[in-house]
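Participant: Quick one: this structure, given as structure tokens, is what I'll be asking you about.
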Amino acid sequence: MSLTAGIVGLPNVGKSTLFNAITSSKALAANYPFATIDPNVGIVEVPDERLKKLTELVEPKKTVPTSFEFTDIAGIVKGASKGEGLGNKFLSHIREVDAICQVVRCFEDENITHVSGNIDPLSDIEVINLELILADLESCEKRIGRVEKQAKQKDKEAQLEYEVLKKIVEVLKEEKPARVLELDKDELKIAKNMHLLTLKPMLYVANVSEEELSDIENNKYVKAVKNFANKEGSEVIVICAKIEEEMASLEPEDKIMFLEELGIDESGLDKLIKASYNLLGLATYFTAGVQEVRAWTFKKGMLAPECAGIIHSDFERGFIRAETVSYDDLVKYGSMQKSKEAGKVRLEGKEYEVKDGDIMLFRFNV
């Protein structure tokens, strides 16, 4: 599935450094605004210990992890919604992503210039969120005038869209993002068709210094970001982008030792990838055979034929059934055969809602 999270933030908060770490690439990370003019796109593996265990059990010829896409979007500045800086271009890039990871600077370093001259993460968040709100407000106000005319002509679809637009405009005028609205299924469908920036799920990434990584509970900036995010119902991931960039070039064994020295059990990047994956409502199912053990990304709530179609459209078109066992059961019994003998392998049909961790063998006929 092709879903992507966009990395945004003010200039010089660590976006490109983080992106370099994510993809082990070398996006231009420079100490001046707009070092990233065009968005950089990178594919990362989704860390999943289950894949390693399945490989040990099945001993396939190859193992293929699932992946996730990040886009590094250049720094936004105040006035972006009105075209300041490279605003219009950057806002269009944000419109193309499915979720937003907003990097917030939570460290002090006199050698790295802050665009506003001082470190104030809540002010930084306010600048970015307000620009996204203003851009959405402009879009909605343009649309609502046209829809109102149709609604007055008793067009039922237009009437429903008009009511949704009024709700959205009201919350945007309160300088709140559209995602805080509680919309029913039909209203949400209409809202999503508007491609609003503030309807996209948001994850805040607090970027701290190496010295503060082991004592983040006492970082006043991180505390402020977490308090803000809690009120909005958003999640915060704390990382040190510089350390993550350094670790990106290490071999897996060396990385483990490096983390142990820091007193950390999981890298910030792994936490970020997992959080972004969950933010979009994504999950993983597996196929496991002697030729290949492979992880597949699907959207939570998808039915078995749809998940089969992720592998190939013929699998969905000619879907018959899916032999399914949970990851926990397969590990418990040690093999597919023993899982069958224990009655843990199920034959699931077209209405089965696939669960995270399912190991599936699709039967189809075209």
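Participant: Calculate, for the chain, the solvent-accessible area per residue in square angstrom, rolling a 1.4 angstrom probe over the heavy atoms of the protein chains.
Facilitator: Per-residue accessible area for the chain comes out at 52 Å².
Participant: Also, quick follow-up: Could you tell me the accessible area of MET336 in Å² (1.4 Å probe, neighbours in place), rounded to the nearest ten?
Facilitator: 60 Å²
Participant: Right, here's the next one. Can you tell me what share of the DSSP beta bridges in the chain is antiparallel? A percent to the nearest 5 is fine.
Facilitator: On the way: 24 of 47 bridges.
Close to 50 percent.
Participant: Modelled label-to-label distance, GLN159 and ASP328, 7 Å Cα→beta-carbon offset: nm?
Facilitator: Result for the modelled spin labels: 4.9 nm.
Participant: While we're here: Suppose only helical runs count, i.e. DSSP H with n ≥ 4. What mean residue ellipticity at 222 nm does that imply for the chain under -39500 (n - 2.57) per run, divided by all residues and rounded to the nearest 500 deg cm²/dmol? Walk me through the intermediate numbers first.
Facilitator: Details: 14 runs with 156 residues, N = 366.
The per-residue figure over the chain is -13000 deg cm²/dmol.
Participant: I need to check one value: relative contact order of the chain, counting alpha carbon pairs closer than 8 Å and at least 6 residues apart, in percent. Don't jump to the answer; show the numbers that get you there.
Facilitator: Working: 662 pairs, mean separation 69.1, N = 366.
Over the chain, the number comes to 19 percent.
Participant: Report the paramagnetic label zone for ARG95: residues of the stretch 189-209 whose backbone N is under 18 Å from a point 7 Å from Cα along the Cα-to-Cβ axis.
Facilitator: Once the point is set 7 Å along Cα→Cβ of ARG95, 190-201 turn out to lie under 18 Å by backbone N, inside the stretch 189-209.
Participant: Using a cut-off of 11 Å between beta-carbons, work out the net charge of the residues near TYR162 (Lys and Arg +1, Asp and Glu -1, TYR162 not included). Display every interim value, and only then the final one.
Facilitator: On the way: positive: ARG143, ARG146, LYS149, LYS152, LYS156, LYS166, LYS167; negative: GLU148, ASP155, GLU157, GLU161, GLU163.
That works out to +2.
Participant: Between GLU108 and LEU347, take the C-beta separation as r, use R0 = 51 Å, and let me know the FRET efficiency to the nearest 0.05. Intermediate values should be presented prior to the final figure.
Facilitator: Numbers: r = 60 Å, r/R0 = 1.17.
My answer for the efficiency is 0.30.
Participant: Could you tally the net charge around VAL366, taking each other residue with its Cβ under 12 Å from the Cβ of VAL366, Lys/Arg +1 and Asp/Glu -1? Present the calculation step by step, with values, prior to reporting the outcome.
Facilitator: Details: positive: ARG317, ARG363; negative: ASP314, GLU316.
Net local charge, VAL366 excluded: 0.
Participant: Same structure again: In percent, what relative contact order does the stretch 292-366 have, based on Cα pairs under 8 Å that are 6 or more apart in sequence?
Facilitator: On the way: 113 pairs, mean separation 32.4, N = 75.
So the answer I get is 43 percent.
Participant: Given [x] 131; [y] 249; [z] 165, which label gives volume of the Cα convex hull per residue in Å³ as computed from the coordinates?
Facilitator: [z]
Participant: Ok, one more. Take the residue pairs LYS142/LYS166; LYS61/LYS271; LYS255/LYS332; LYS149/LYS192; LYS300/LYS355 and return only those whose Cα atoms are more than 19 Å apart. Working shown, then result.
Facilitator: Working: LYS142/LYS166 12 Å; LYS61/LYS271 29 Å; LYS255/LYS332 30 Å; LYS149/LYS192 21 Å; LYS300/LYS355 8 Å.
Pairs exceeding 19 Å: LYS61/LYS271; LYS255/LYS332; LYS149/LYS192.
Participant: Moving on. Take each of the peptides 45-54, 129-138, 221-230, 253-262, average the number of other beta-carbon atoms within 10 Å over its residues, and list them starting from the highest.
Facilitator: Values: 45-54: 16.2, 129-138: 20.9, 221-230: 17.8, 253-262: 12.5.
Averaged packing, sorted descending, gives the order 129-138, 221-230, 45-54, 253-262.
Participant: Return, ordered by residue number, the residues of the stretch 318-357 whose backbone nitrogen is under 13 Å from a label point located 7 Å along Cα→Cβ of HIS312.
Facilitator: Once the point is set 7 Å along Cα→Cβ of HIS312, 318-319 turn out to lie under 13 Å by backbone N, inside the stretch 318-357.
The values are calculated or read from the model by the stated rules, or taken from the named source; none is laboratory data. Because the structure is a prediction, the values reported are computed rather than measured. Positions of Cβ are backbone-derived with ideal geometry, glycine not excepted, and every protein chain shown enters the neighbour counts. Keep in mind that these areas ignore ligands, DNA and RNA; they rest on the heavy atoms of the full protein, side chains included. Shrake-Rupley method; radii C 1.70, N 1.55, O 1.52, S 1.80 Å.
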